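The values are calculated or read from the model by the stated rules, or taken from the named source; none is laboratory data. Since we're looking at a predicted model, the values are computed, not measured. Cβ placement follows ideal geometry from the backbone for every residue including glycine, while neighbour counts extend to all protein chains displayed. Heavy atoms of the whole protein, side chains included, go into the accessibility calculation; ligands, DNA and RNA do not. Shrake-Rupley method; radii C 1.70, N 1.55, O 1.52, S 1.80 Å.
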Amino acid sequence: MSRAEPLRRPHRLAPGARVAVVAPSGPVPEERLRAGLDVLRGWDLDPVVAPHVLDRHGRFGYLAGSDADRAADLQSAWCDPDVDAVICARGGYGVQRMVDALDWEAMRAAGPKVFVGFSDITSLHEAFAVRLGLVTLHGPMAAGLDFVKSTRAQDHLRATLLAPDTVRTIVSDGTALVPGRARGVTLGGCLSLLAADLGTPHARPSARGGLLCLEDVGEETYRLDRYLTQLLRAGWLDGVAGLLLGSWAQCEPYDGVRALLADRLGGLGVPVAEQFGFGHCDDALTVPFGVAAELDADAGTLTLEEPALA
């Protein structure tokens, strides 16, 4: 995959659709998981929890169970013909440790399904694009605090899953860091994970032709600088069509982050929309990856050429 191209769209969900909840990354708070499942049931969906979602790794408390069990949960859910969608419970860290254990041939044979997550799940978005050629949804997760407490985040994900024709244009509250319009295919996620993915077998070689979505959480500005500089030096940003910048929660005050983003990205000569409302923020929007779209940085809009889901 030398250039970002539109990917195959899974089918939208219908009332009664079975949704598997998996935990490929960090440990999951049981109370928040219950709250998230209640939200999904309220949408007339049928959520089922994978066997190891509430596990804890015996030695490394930042992992939700063993690498093998986390991989087995995701693969079993994906290959279950009765499951229509897979939603991650939360992020954290752990996908890098389990992604190589997945049987991508078996998952490809299982056919397209809806996949939802963000943060550490960025590495799976990349893998699903490269290995399965599928559109995925960068959106709130079932046990995320930002999901269970935010009506806007819930409503936008619900519309994307069940009535994707109603969210063909995603509208942010942000402005243009670099003005202009651009067309391309959406991709991206958490900046630090995209940098960590460089050179791995499940990541695309560049963002060429793409509308690249970037966000992160809890990072010092010099670390954000390092990730962006690494992507620039590796040539990964060569030919990118435009950029959408999401949230930078728990980083330094935004003026400092903004100055860095302008310094590192302004020289690309493409439109850049800032504060686009996705990622580690309140009321996070759901953004499909792998869909052809037009970015209007001045208006703060992303208009999809077709609905995120078929």
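Checking a compactness column here: for region 18-166, what do you get for Rg(Cα) / (2.2 N^0.38 Å), N being the number of residues? Each step should come with its number before you reach the end.
Details: Rg = 14.1 Å, N = 149, 2.2 N^0.38 = 14.7 Å.
Here the answer is 0.96, to two decimals.
Over region 205-262, one equal point on each Cα, no solvent: what is log10 I(q)/I(0) by the Debye formula at q = 0.21 Å⁻¹? The Debye formula, applied to the Cα set alone, gives -0.83.
Could you tell me what a quarter of the Cα convex hull surface of region 9-99 works out to, in nm² with one decimal place?
Values: hull surface 23.6 nm².
About 5.9 nm², averaged over all directions.
A cut-off of 5 Å between modelled amide H atoms, ignoring neighbours fewer than 5 places along the same chain, links Asp283 with Ala153.
If you look at the Cα atoms of region 169-304, you get an Rg and a Dmax of 13.4, 37 Å. Taking amide H as placed 1.01 Å from N in the peptide plane, the amide H of Arg56 sits under 5 Å from that of Gly65, each at least 5 places away or on another chain. Mean separation of Cα pairs under 8 Å and 6 or more residues apart, divided by the residue count, gives region 169-304 a relative contact order of 41 percent.
No solvent, one uniform scatterer per C-alpha: report log10 I(q)/I(0) for region 100-153 via the Debye equation at q = 0.19, 0.25 1/Å, two decimals. Each listed q maps to, in turn, -0.70, -0.98. Between Gly188 and Cys213, the built amide H atoms are under 5 Å apart, and every one of these is 5 or more places off in sequence or on another chain. The alpha-carbon positions of the chain define a convex hull whose volume is 113 Å³ per residue. Got the relative contact order for the chain handy, in percent, Cα pairs under 8 Å and 6 or more residues apart? Normalised by residue count, the contact order of the chain is 22 percent.
Normalising by residue count, region 89-129 has a Cα convex hull of 75 Å³ per residue.
Per residue, the convex hull spanned by the Cα atoms of region 81-237 measures out at 145 cubic angstrom.
Calculate what fraction, in whole %, of the accessible area of region 169-304 sits on carbon and sulfur atoms when a 1.4 Å probe is rolled over the protein chains. Of the solvent-accessible surface of region 169-304, carbon and sulfur hold 46 percent. By accessible area, using a 1.4 Å probe on protein heavy atoms only, region 18-166 has 46% of its surface on carbon and sulfur.
If the segment from Ala14 to Glu252 were pulled out straight at 0.36 nm per residue, it would be longer than the present Cα-Cα gap by 81.5 nm.
Hey, can you find the accessible area per residue of region 102-234 for me, probe 1.4 Å, expressed in square angstrom?
35
Spin-label pair Thr221-Tyr62: with each label point 7 Å from Cα along the Cα-Cβ axis, the two points sit 2.5 nm from one another.
The phi-based Karplus calculation (6.51 cos²θ - 1.76 cosθ + 1.60; θ = phi - 60°) puts the 3J(HN,Hα) values of region 133-144 at x, 10, 5, 10, 10, 7, x, x, 10, 4, 10, x Hz, whole numbers, x for Gly and Pro. Computed from point charges on the beta carbon alone (+1 for Lys and Arg, -1 for Asp and Glu), the dipole magnitude for region 18-166 about its Cα centre is near 340 Debye.
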